[in-house]
Amino acid sequence: MQEEQRLVKLLTGELVYGNTGEIIDYCKKHETNVQEEYTHITPSIVSKQFKYIGDKIHQPYAISRSINY
């Protein structure tokens, strides 16, 4: 089962998302902290304005693109 994604705003003003461990690691690496956590944001807003900081194979909020055959 996939861990729940957290949508947060950091003290640096960055809007990022990932699971809890990924966010903690990112904050330590960039010497910042979580300012706010968001809930109930539409996927289209997340894909346009938030940066995925995880290390998974794909972004959970990636936009599907059509394939030209």
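The values are calculated or read from the model by the stated rules, or taken from the named source; none is laboratory data. Remember, predicted model here, so these are calculated numbers, not experimental data. Note that each Cβ is placed from the backbone with ideal geometry, even for glycine, and that neighbours are counted across all protein chains shown.
Looking at Tyr69, Tyr61, just one residue is at pLDDT below 85 and in contact with a Pro (Cβ under 6 Å, 6 or more places away or on another chain), and that residue is Tyr61.
Among the residues of region 52-69, those identified as surrounded by 13 or more Cβ atoms within 10 Å (Cβ to Cβ) and more than 17 Å from Tyr26 (Cα to Cα) are Pro60, Tyr61. Restricting attention to region 1-19, the residues that are assigned to a loop (DSSP other than H, G, I, E, B) and either under 13 Å from Gln49 (Cβ atoms) or in contact with a strand residue (DSSP E or B) (Cβ under 6 Å, 6 or more places away or on another chain) (or both) add up to 4.
The test for being among the basic types (Lys, Arg) and within 12 Å of the chain's Cα centre (by Cα) does not hold for Lys28.
If only residues of region 20-51 that are in contact with a Phe, Trp or Tyr (Cβ under 6 Å, 6 or more places away or on another chain) and not in a loop (DSSP other than H, G, I, E, B) are counted, the one that is surrounded by the fewest Cβ atoms within 10 Å (Cβ to Cβ) is Pro43.
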